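Shown next, in structure tokens, is the structure this report addresses.
Computed from the coordinates by the stated procedures, all read-outs in this text should not be read as laboratory data. Computed from a predicted model, the values in this text were never measured in an experiment. Using ideal geometry, Cβ is built from the backbone for each residue, glycine included, and neighbour counts are taken over all protein chains shown.
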Amino acid sequence: MELVKARPEDQEPLLQFYNSVVLPGHVELVIERKEPFDAIYGIQSNDYDTFVIRDDESKIHGTFTVTYRDGIIDGRFEKIGYITDTRVGSNREALLTWSKQFLEVLENSQKERNCKYMFSILSQEGGKTYNTFLRGRSRISTFPRYHLLRKFVLVTVNGKLPFLVNPLPSIKIVNADHRILDKLLDYIRNKSKNKPLSFENSNENFLRRLSLWKGLKLEDFLVAFDSQGNIVGCVAPWSPVAIQSFQATGYHGSISSYRNMFAVGSLFGITRRFPSRNKSLNFKFLSHLFVNNHDIFQALLYTSYKQSKKNEFLVYQNFDGDLVTWLPKYFIGWSMPFGLYSIGSESLENPSLQPSPLLPAPFVEAALI
């Protein structure tokens, strides 16, 4: 076996392997990626490497992808890399191949781009990937050092108390169109300019990413205006079904108990019922989420929930210490813990990448994790 860059002919076995891996947690998930496998990476950048552990019979036993793009570090744009979609099979030879070759392959990919800053997002609910990278490594470990930058949760909203009606009547929420595009992009640039890792949001780059974002159009953006006509918030609810689907293969711990409560609540229109095991969880991600305060967030969340289908679960990211996007008390939901990690010594030397609640939360797009 060897860890090598994926070839076009690896598409089918890669999809077969990737779609067979069960992700552990209170909600056990299988992510079923559709062809082409790399469609989700193209949304973020046209520069990425997918690597696979391949045996002599061209069977895939592991994979990870590194995407490269410009992101804000210390107020200026730098080349940054994201390690994503890490999957390793339980085959002993695959694990040995991974442990021996991962660091060299990653470093070679970085050097080709002269990329100093590398990041990754890992679930905090344990599992093989989490333990491999973060637990009990010796000084001679062949894995890079992962340093926790900030914890966050993916909040899944699946209920609303019935007496919440029009939470902020002083603002007007409309669907975006080309008449307000320049104003919307100015707002997004202003809100993201101090967030580490933010995209370069020129009109050209924004529209390019949007054109590659399957199932998302400008008209899907919900934009909040105050009484003076100023934009005070925006969000773009997005369903990823054109790229991938999520299957719930098991429920454990407290979520197993909540299923029964949500099933009863669904009879009264308060909550949404969890699907049966091995059925699709219809996530709808609140992408491009930028707001001025918690009240505006609640109003946009209310509108997004009201417009969503009865079998859809809204998902968004909330970083530790970020009270603006804290789940409002009138909504019902559950959360999955994650960590954003910087990798290697370059990140440690940068003050803006230290784990401080006093600094702005880094930019993370839940839809692209």
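A few remarks follow.
- Nearest-ten-degree value, helix 253-266 long axis tilted from longest Cα axis of the chain: 30 degrees
- Hz values of 3J(HN,Hα) by residue in the stretch 224-233 - Karplus curve (6.51, -1.76, 1.60), Gly and Pro given as x: 9, 10, 8, 5, 8, x, 8, 6, 10, x
- Taking only alpha carbon atoms, the stretch 2-151 gives an Rg to Rh ratio of 0.94, where Rh is the Kirkwood radius.
- J(HN,Hα) series, the stretch 70-87, from Karplus relation 6.51 cos²θ - 1.76 cosθ + 1.60, nearest Hz, glycine and proline x: 7, x, 6, 10, 6, x, 10, 7, 10, 6, 10, x, 10, 8, 9, 6, 7, 9
- Going from the fewest other Cβ atoms within 10 Å to the most, the residues L3, L212, L323, L149 appear in the order L323, L212, L3, L149.
- Label-to-label distance for K306 and I31 is 3.3 nm, based on points extended 7 Å past Cα in the beta-carbon direction.
- Using alpha-carbon coordinates, inclination of helix 181-192 to the longest axis of the chain, degrees: 60 degrees
- Cut-off under 5 Å, modelled amide H: who pairs with I73 long-range: E78, L197
- Built amide H within the under 5 Å cut-off of G333, gap 5+: N158
- The value obtained for the stretch 218-369, namely the Cα convex hull volume divided by the number of residues, is 166 Å³ per residue.
- Scalar couplings 3J(HN,Hα) for the stretch 334-339, obtained by applying the Karplus form with A = 6.51, B = -1.76, C = 1.60 to θ = phi - 60°, are 9, 9, 10, x, 9, x Hz; x denotes Gly and Pro.
- Of all DSSP-defined beta bridges confined to the chain, some 90% are antiparallel rather than parallel.
- The Cβ shell under 13 Å around S308 holds other residues with a net charge of +4, Lys and Arg each +1, Asp and Glu each -1.
- In the stretch 238-351, the DSSP beta bridges split such that about 50 percent are antiparallel, to the nearest 5.
- The charge dipole of the stretch 2-151, taken about the Cα centre with unit charges on the Cβ atoms of Lys, Arg (+1) and Asp, Glu (-1), comes to about 820 debye, rounded to the nearest 20.
- Here the average projected area of the convex hull drawn through the C-alpha atoms of the chain stands at 18.6 nm².
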